[in-house]
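Just below is one structure, and these are the notes that go with it.
The values are calculated or read from the model by the stated rules, or taken from the named source; none is laboratory data. As the structure is a computational prediction, the values presented were derived from the model and not from experiment. In this analysis, Cβ positions are derived from the backbone assuming ideal geometry, glycine residues included, and neighbour counts consider all displayed protein chains.
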Amino acid sequence: MEVKNKWIIVTGDSRGIGFELVKKLLERGARVAGWSRHDPEIDHPEFRHYQVDLSKSGDIEKAWEAGQKDFAAPVEALINNAGYGFFKYLEDYTAEEWQDMYAVNVFGLFYASKMVLPEMKQQRRGHIINISSIAGKEGIAMATAYCGSKFAVRGISAALYKEVKEFNVKVSCVMPGSVNTHFFDRTEATRANPSMLHPEDLAETIVHLLETPDNYNPSEIEIRPMNVRYQ
């Protein structure tokens, strides 16, 4: 797909991977809607930010309806990038902390995908890209809640691909390793550092996935840093 002049939705656009992705899409001429709680302060005529709590289906519905009016075009892609995590031993988590993490990482993806899929299936084109993690493939100590949510993202992606491929809608799951973003602000065990993956590089990879030919579905992409050091 050529992204120029196409309406694309990016969740979690205020910083990190989502922020870099919005910038790269705009550079290529895409028309971008960003969904998150905080304004990324990107000033561009083809960008609209909608204040959305991804854990609330009502917020997503309002953003979807506003975007349809503002862009007046069919949606071509959804990148479910929003997510967060923090790390404790399982017995030290509260039930509320688990619920909050799943509300964004899993239910937010469900709400957003549910909103765009009827239009994508009707127009017989579209691409949903879900950002999971290496933690969606491997268990990590003190990350039971986060791993569980990201395993869910991977499973949802694999099943959804089989549901919508007959409608020519693509589903891709991206599983990056450690990324040099604010994600690690919530843990003392690991700090973000330059040896991790760079968010702008991941954003470039995601744009490349969108630009693949129609008969080409990159279902799972695993990306790891070469020489990561933890601190």
Practice item. Mind listing whichever residues of the range 189-221 are modelled with pLDDT of 90 or more and small (Gly, Ala, Ser)? Key: 203, 219
Exercise for review: Filter the range 96-121 down to residues that are over 21 Å from residue 140 (Cβ atoms) and hydrophobic (A, V, I, L, M, F, W, C), then give me how many there are.
Suggested key: 7
Exercise for review: Would you point out which residue out of 224, 186 is at pLDDT 85 or above, loosely packed, with under 14 Cβ neighbours inside 10 Å, farther than 22 Å from residue 1 by Cβ and over 14 Å from the mean Cα position of the chain (by Cα)?
Suggested key: 224
Check your understanding: Could we say that residue 38 is in contact with a Gly (Cβ under 6 Å, 6 or more places away or on another chain), touching a residue at least 12 places away in the same chain (Cβ under 8 Å) and farther than 18 Å from residue 130 by Cα here?
Key -> no
Exercise for review: Answer yes or no as to whether residue 142 is in contact (Cβ under 8 Å) with a residue 12 or more places away in the chain, farther than 21 Å from residue 34 by Cβ and under 15 Å from the mean Cα position of the chain (by Cα).
Suggested key: no
Point to revise | Top-ranked residue of the range 161-174 - restricted to ones that are closer than 12 Å to residue 121 by Cα and in contact with a helix residue (DSSP H, G or I) (Cβ under 7 Å, 6 or more places away or on another chain), ranked as surrounded by the most Cβ atoms within 10 Å (Cβ to Cβ) | key: 169
Check your understanding: basic (Lys, Arg), without any contact (Cβ under 8 Å) to a residue 60 or more places away in the chain and under 23 Å from residue 34 (Cβ atoms), is that true of residue 114?
Key -> yes
Exercise for review: Would you check if residue 122 is part of a helix (DSSP H, G or I), among the polar types (S, T, N, Q) and surrounded by 13 or more Cβ atoms within 10 Å (Cβ to Cβ)?
Suggested key: no
